[in-house]
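Any read-out appearing in this document is the output of simple, stated calculations on the displayed coordinates, not a laboratory observation. Everything numeric here is computed off the predicted structure, so don't read it as measured data. Please note: Cβ atoms are built from the backbone with ideal geometry, for glycine as well, and neighbour counts cover all protein chains shown.
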């Protein structure tokens, strides 16, 4: 009975955090993101948190495709802590470019590689499976610690196989896609309470579309869910 009461109390305390889509931001300057759009809440949240910005002061471009340097900037905003560099590893990264420090940060942290030894691939679009792989590389140590007694995330490893295009997932991205589609709950070890989470990748009509390019609206949703998960760790 005491264990049951403890579990109930934990869940009550966590109620404010259980909603994946909280109330939208009070102010959003983008004319192309309207209340009622499926991505409105997540765009609002990542904008408020300073994780994503618009392509201009009044345009978010939700259906625009994410470039590799835009993705690097998002991870830099999440974890970069303002690092600055005097040397850049790729020929197509010029000092002073808005994305220069972000790309170098991601490369040095092992989050991403270049499209060749000396080119990062500025201006190229990024696929959904590449985006998820970058996220997984960034947080793998936290999400899957070597000391399993500290494991807080439960992963359904078979969830990824429900996608009709499961066989289209590249081998290098399979581990990351398996996690992102199968994260089910946080396990609070002290009390045994299970808290349901929405998987990072849910797919569309049964398809994961791993090789499709990632839109900015999709990125906002993926990043918000990732940010949300990390609040528990």
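Taking 0.36 nm per residue of sequence separation and removing the Cα-Cα distance, the residue 49/residue 27 pair yields an extension gain of 6.7 nm. With bins 5 Å wide starting at 0, give me the P(r) of segment 35-140 over every alpha carbon pair, in whole percents. Result, from short to long distances: 2, 12, 21, 25, 20, 12, 5, 2, 0 percent. Highest mean first, the peptides 65-71, 49-55 sorted by other C-beta atoms within 10 Å per residue fall in the order 65-71, 49-55. Each semi-axis of the equivalent ellipsoid for segment 23-88 is √(5λ) with λ an eigenvalue of the Cα gyration tensor; in descending order they amount to 25, 13, 10 Å. With the Cα gyration tensor of segment 101-142 giving a ≥ b ≥ c as the square roots of its eigenvalues, does the rule (a/c under 1.5 for rounded; else a/b larger than b/c for prolate; else oblate) give rounded, prolate or oblate? Cα axes put segment 101-142 in the oblate bin.
Ranked by the mean number of other Cβ atoms within 10 Å of their residues, highest first, the peptides 29-39, 218-228 fall in the order 218-228, 29-39.
Stretching the chain fully between residue 95 and residue 207 yields a gain of 36.3 nm (0.36 nm per residue, less the alpha carbon separation).
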